[in-house]
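Working notes, structure below.
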Amino acid sequence: MMFISLFCFEGTLYRAVYLFSTKQYKTRKVRINVEPDDFNSTLEEDIEVHLVGKNIDGVNMPGLIAVSFFIGKTVGKIGNARKPFLEIITTVNGLSKDMVIMIMTYFPIAVVFMMTSYVYDTADRWQTAISLGKFVAVIFAGLVIHGVLVLPLICLLIVRRNPYLVIQGVTPALLRAMLVSRR
């Protein structure tokens, strides 16, 4: 109860969810030049190292969970008047899901155009394009080696079955899952 009162309800809902960020703290080393005293100094070097810390901004997840829980309990108790509110929440949820699907669909195209823009802005375009092509080829080769050799070898060593028969048996379920998850 003390945890909920201290960390979850910070005065306002906005502060409780977004502004409370004392759970994450980051330190860094700072070098400070120190002028040695000529008469009374035992410093061999003129640099001291101090640790400086600061809070990192972030979302207060316990506060967000507690507020969501209490809003859900309250909406559950109001009876038939909750239907318009639940319809709004369902609509916003579906809208955000569709936006995420759209972003995930067009993101690879955006990355291709960003890389094209970078290649166009460089002085030696062909050398940059060849280096980028080699990089993409290495990535695809690594994925193929991992999927065709490494994972089946792990399956063979651990399960002691032919991994390609396992893949053949699992393929219809994976294909169906991908087709269903698209919409």
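The values are calculated or read from the model by the stated rules, or taken from the named source; none is laboratory data. Just so we're clear, the structure is a prediction, and the values are computed from it rather than from any experiment. Virtual Cβ from ideal backbone geometry, glycine too; neighbours counted across all protein chains shown.
Quick one: is Val159 modelled with pLDDT of 90 or more, surrounded by 10 or more Cβ atoms within 10 Å (Cβ to Cβ) and either assigned by TED's automatic domain parsing to the domain that holds Ile101 or out of contact with any strand residue (DSSP E or B) (no Cβ under 7 Å at 6 or more places or on another chain) (or both)? Judged against the criteria, Val159 is not a match. In this structure, does Ile101 turn out to be assigned by TED's automatic domain parsing to the domain that holds Leu179 and among the hydrophobic types (A, V, I, L, M, F, W, C)? In short, no. Pairs are defined by a Cβ separation below 8 Å, a sequence spacing of at least 6 or placement on different chains, a first member in segment 92-116 that is in contact (Cβ under 8 Å) with a residue 12 or more places away in the chain, and a second member that is exposed (fewer than 10 other Cβ atoms within 10 Å of the Cβ) and assigned to a helix (DSSP H, G or I); no pair meets this definition. From the list Ala137, Ala129, Ala123, the lone residue that is free of Cβ contacts under 8 Å to residues at least 40 places away in the same chain, among the small types (Gly, Ala, Ser) and loosely packed, with under 10 Cβ neighbours inside 10 Å is Ala123.
Of all the criteria given as (1) surrounded by 10 or more Cβ atoms within 10 Å (Cβ to Cβ); (2) at pLDDT below 90; (3) assigned to a helix (DSSP H, G or I), the one not satisfied by Met99 is (2).
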